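The values are calculated or read from the model by the stated rules, or taken from the named source; none is laboratory data. Predicted model, so just to flag it, every value in this text is computed and none were measured. In this analysis, Cβ positions are derived from the backbone assuming ideal geometry, glycine residues included, and neighbour counts consider all displayed protein chains. With ligands, DNA and RNA removed, areas are computed over all heavy atoms of the protein, side chains included. Shrake-Rupley method; radii C 1.70, N 1.55, O 1.52, S 1.80 Å.
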Amino acid sequence: GEKVEQHESTLSVREGDSAVINCTYTDTASSYFPWYKQEAGKSLHFVIDIRSNVDRKQSQRLIVLLDKKAKRFSLHITATQPEDSAIYFCAENYNQGKLIFGQGTKLSIKP
Amino acid sequence: GGIITQTPKFLIGQEGQKLTLKCQQNFNHDTMYWYRQDSGKGLRLIYYSITENDLQKGDLSEGYDASREKKSSFSLTVTSAQKNEMAVFLCASSGTGGAGAETLYFGSGTRLTVL
């Protein structure tokens with residue numbers, strides 16, 4: 001069935017550097033790719049998304065890139081700050097709104 | 001803004017026991033979801049419902065029942081709890097139609113432990 005693979009289970013970067021989290025998907029019909037963030041002890045919340053009609057979207061320090069040929073999308077966090085430490089989940093939307101999530105990437109920002 | 005309330009926050013059960021988790025939302029959203037979160041496995045969809053009295057199975061529905069008697073509430077029943085089962089169950093909701101309709105809003109979760 002459809003799958004989303006999140007390649008990095010953990011990622012550690014220095015404060016101020018950029019972090020990149022990569023995901024691949026299998027369903028060529030997928031058209032919507034959101035990212036969610038889960039801070040320690042809290043639930044998930046939406047951070048940014050991208051639709052298949054564009055290949056780049058930016059919201060402040062967050063950039064999402066989509067490569068439909070490679071069936072790959074990535075989240076870039078620039079100028080990282082301590083509050084960026086969290087687990088990040090990529091997802092794809094298929095079949096009337098159902099979301100398939102990746103396994104999650106635990107991002108640690110080191111001083 | 002709205003909120004999703006899950007009860008209880010912590011649930012401890014015995015093997016073979018039937019356990020019910022509850023979820024309420026005041027967003028007036030049509031669609032509600034139950035996900036299971038296991039460490040290192042991401043979120044897996046158990047059941048979802050696109051309107052009152054509707055139920056759709058997700059990839060992990062075996063061993064669970066769900067009920068959507070009102071638009072604002074969605075409950076999940078573990079039909080026979082498995083020993084050593086530990087997971088967090090997350091309820092979510094989303095709107096229908098218009099920009100941002102696909103965005104899921106999550107509750108804070110119910111942490112299940114089975115002894």
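Here are the numbers:
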| quantity | calculated |
| --- | --- |
| Neighbour-limited loop hits for trypsin sites (Lys or Arg not before Pro), the stretch B:41-115 (at most 11 other Cβ within 10 Å; DSSP other than H, G, I, E, B) | B:Lys83 |
| Whole-number accessible area per residue in Å² for chain B, which is evaluated in the context of all protein chains at 1.4 Å | 50 Å² |
| Estimated inter-spin distance, A:Ser52 and B:Ser73, nm [label 7 Å along Cα→Cβ] | 3.9 nm |
| Contact surface B-A: accessible area buried, both sides summed, square angstrom, 1.4 angstrom probe | 1400 Å² |
| FRET efficiency, A:Ser18 to A:Arg72 (Cβ-Cβ, R0 22 Å, nearest 0.05) | 0.80 |
| Share of carbon and sulfur in the accessible heavy-atom surface of the protein assembly as shown [1.4 Å probe, %] | 46 percent |
| For the stretch A:1-61: accessible area per residue (Å², 1.4 Å) | 56 Å² |
| Entries of A:Lys69/B:Lys22; A:Lys69/A:Lys106; B:Lys9/B:Lys57; B:Lys18/B:Lys57; A:Lys69/A:Lys110; A:Lys98/B:Lys22 with Cα pairs more than 30 Å apart | A:Lys69/B:Lys22; A:Lys69/A:Lys110 |
| Number of partner chain Cβ atoms within 10 Å, mean per residue of B:37-46 | 5 |
